[in-house]
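The structure under discussion appears below in the form of structure tokens.
The values are calculated or read from the model by the stated rules, or taken from the named source; none is laboratory data. Everything numeric here is computed off the predicted structure, so don't read it as measured data. Heads up, the Cβs are rebuilt from the backbone with ideal geometry, glycines too, and the neighbour counts pull from every protein chain shown. Side chains are part of the model used for accessible areas, which takes the heavy atoms of the whole protein and leaves out ligands, DNA and RNA. Shrake-Rupley method; radii C 1.70, N 1.55, O 1.52, S 1.80 Å.
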Amino acid sequence: MRRAEDALLAQLKARLLEISDLAGTSAILSWDQSTYMPADGAVARGRQSALVSRLMHERRTDPALGRLIEQLTPYGEGLPPDSDDAALIRVTARDFAKAIRVPTGFVERLSAHSSAAYDAWTRARQNDDFASMRPLLEKTLDLSCEYAEFFAPYQHVIDPLIDDMDEGMTCASVRALLTELRAELLPLVRAICDRPAADDGCLRGDFADGAQLEFSLRVATAFGYDLARGRLDRTPHPFCTRLSGNDVRITTRVYPDDVTQALFSTLHEAGHGLYEQGVGPALDGTPLGSGTSAGVHESQSRLWENVVGRSLGLWRHYYPQLRAAFPERLSNVPLETFHRAINKVERSLIRTEADEVTYNLHIILRFDLEIELLERRLAVKDLPEAWRARYQSDLGISPPDDRDGCLQDVHWFSGCVGGAFHSYTIGNVLSAQFYAAALRAHPQIPGEIEAGRFGMLKGWLETNLYRHGRKFKADEIVRRATGEPMTIRPYMDYLGRKYGELYGLPQPHSLAAQ
């Protein structure tokens, strides 16, 4: 009997490998469009991307795949739930059940539209031209609502979009998390912003592009990002993409007058890359061969970018090297001044440049706006004004234009409206929770980081998180790695401790009384 099941598993894996290869093909088309594709190639690229999306969806919904899953399900239920084969059958069945609810024609239309909208956005943001994006965003909103309807009935129209990114989460659970977090963040933001601001002038000036890229990549590879299985390129909006287990690429952007942009964008994307490169090789070519959820994935980018990348310990090791790379700008800047500068807290306009303390307020704002859009309580034409009003009420500042307002993020202009932004907050929360668990296992990690050694932290993450890929749902892998469900407590403790020291604040428990 086992021989028959082995044969069925082999057939299943052959079909899944073909789907994985098509996904890699789609990813390289998208990567090329964001990096090296000539401007006039956009029309053909949209057509090509739509074709690959259609072929991939046809294979994902092939009745023969469904029959294989049906035949293998009893076998999978009899295996230890932690086994690779049991997880493969379980996850493939879930993916198939979702995929067959979405017509192939819709997938093709969405892919073609997303490609065209992204191409238009790259110019519209640069030219502060929301008017040109309005009809495209209106169509994106229509497509997003149409997609949700394939999964009706639901409690909220955004629920299917959230579930795609973070399985098991809903509008209600995301709102609960954001509400709890906002209540604790606002007193901390007020307390810090009432103190004298950190001077970040040392971060501005003339910093050569090449030297920035070289230094950023030096730190990323020290973290463990493997250039034999990856590469770094430039793009307007940094991202990480997985073409296969041995081809995980990251991108960054470089501002010649700001040394932090390339550095922290690179470390952020390297965190994603470390996760993808760390998935067990046996899972490659299957649905298990990538990160388990968007939120858990973001925990790794935020852990390496912020918890490690903005720590004083890391810069005790790397600041002399950064000074040597830019002696004219940094030779007279003390380490403590630089460290305070890269951790400056301020009410700001740009999400990707926001500090750790205010960052989630940007996410809460976006989540609320996309809820209003999806519920049709906010028209796309009114989005710029609504954006300005929310920034004024939530952060006390308002963008002078749409370029730094509602056009700043690529997400609504390269996919659906809804389901993406909340994952960044989940990632922030989990970054501290995973790091705290790693410290309990290896209290010497901070000393290792100060010495420029990251293998102990990376090894813990590989053992407890990376190697499992999608074998376990996010809530299960969080419990396995940390011993408890997702909680904001380690994150708020981390922020209170770090920024309490930097800004001379009272103990975190007394902030809410201020």
How many residues does segment 252-261 hold that are part of a helix (DSSP H, G or I) and within 17 Å of the chain's Cα centre (by Cα)?
1
Just one of PHE96, PHE106 is under 29 Å from LEU72 (Cβ atoms), open to solvent by less than 20 Å² (accessible area, probe 1.4 Å), part of a helix (DSSP H, G or I) and not polar (S, T, N, Q); which is it?
PHE106
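For (1) in a loop (DSSP other than H, G, I, E, B); (2) of a type in the set (Phe, Trp, Tyr); (3) over 14 Å from ASP226 (Cα atoms), each residue gets a yes or a no:
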site: ARG242; (1), (2), (3): no, no, no
site: ILE250; (1), (2), (3): no, no, no
site: SER265; (1), (2), (3): no, no, yes
site: GLY271; (1), (2), (3): no, no, no
site: GLY291; (1), (2), (3): yes, no, yes
site: SER299; (1), (2), (3): no, no, yes
site: ASN306; (1), (2), (3): no, no, yes
site: GLY313; (1), (2), (3): no, no, yes
Looking for whichever is in contact with a Phe, Trp or Tyr (Cβ under 8 Å, 6 or more places away or on another chain), at pLDDT below 95 and β-branched (Val, Ile, Thr) here; the options are VAL410, VAL429. Which one fits?
VAL410
Can we say PRO506 is of a type outside the set (A, V, I, L, M, F, W, C), modelled with pLDDT under 95 and surrounded by fewer than 21 Cβ atoms within 10 Å (Cβ to Cβ)?
yes
Segment 216-254, residues that are of a type in the set (Ser, Thr, Tyr) and at pLDDT below 95:
THR235
Can you tell me which residues in segment 451-501 are of a type in the set (D, E, K, R) and touching a Pro at 6+ places or on another chain (Cβ under 8 Å)?
ARG470, ASP475, ARG479, ASP493, ARG497
Given the criteria open to solvent by 20 Å² or more (accessible area, probe 1.4 Å), in a loop (DSSP other than H, G, I, E, B) and within 19 Å of TYR147 (Cα to Cα), does ARG101 qualify?
yes
Looking at (1) touching a residue at least 60 places away in the same chain (Cβ under 8 Å); (2) surrounded by 19 or more Cβ atoms within 10 Å (Cβ to Cβ), which one does LEU369 not meet, given that it meets all the others?
(1)
Being in contact (Cβ under 8 Å) with a residue 24 or more places away in the chain and either over 19 Å from the mean Cα position of the chain (by Cα) or within 18 Å of LEU361 (Cα to Cα) (or both) is the requirement here; does GLY469 meet it?
no
Among (1) assigned to a helix (DSSP H, G or I); (2) open to solvent by 20 Å² or more (accessible area, probe 1.4 Å); (3) of a type outside the set (Val, Ile, Thr); (4) out of contact with any Ser or Thr (no Cβ under 6 Å at 6 or more places or on another chain) - the single one ARG54 does not satisfy
(4)
In segment 318-353, what residues are assigned to a helix (DSSP H, G or I) and either under 30 Å from LEU186 (Cα atoms) or among the polar types (S, T, N, Q) (or both)?
GLN321, LEU335, GLU336, THR337, PHE338, HIS339, ARG340, ALA341, ILE342, ARG351, THR352, GLU353
Residue ID - farthest from TYR225 (Cα to Cα), chosen from residues in segment 320-347 that are of a type in the set (S, T, N, Q) and open to solvent by 20 Å² or more (accessible area, probe 1.4 Å)
ASN332
HIS317 is checked against (1) over 30 Å from LYS458 (Cα atoms); (2) surrounded by fewer than 20 Cβ atoms within 10 Å (Cβ to Cβ) and fails just one. What number does that condition carry?
(1)
Inside segment 64-88, the number of residues satisfying the requirement of being part of a helix (DSSP H, G or I) and either in contact (Cβ under 8 Å) with a residue 60 or more places away in the chain or over 33 Å from the mean Cα position of the chain (by Cα) (or both) is 12
Candidates ALA39, ALA10, filtered to the one that is open to solvent by 30 Å² or more (accessible area, probe 1.4 Å), more than 28 Å from ALA117 (Cα to Cα) and not acidic (Asp, Glu):
ALA10
Can you name every residue in segment 154-198 that is among the β-branched types (Val, Ile, Thr) and open to solvent by 70 Å² or more (accessible area, probe 1.4 Å)?
THR179
Among the helices (runs of 4 or more DSSP H) confined wholly to segment 147-229, which include 3 or more residues that are of a type in the set (A, V, I, L, M, F, W, C) and over 30 Å from PRO103 (Cβ atoms)?
171-193, 209-223
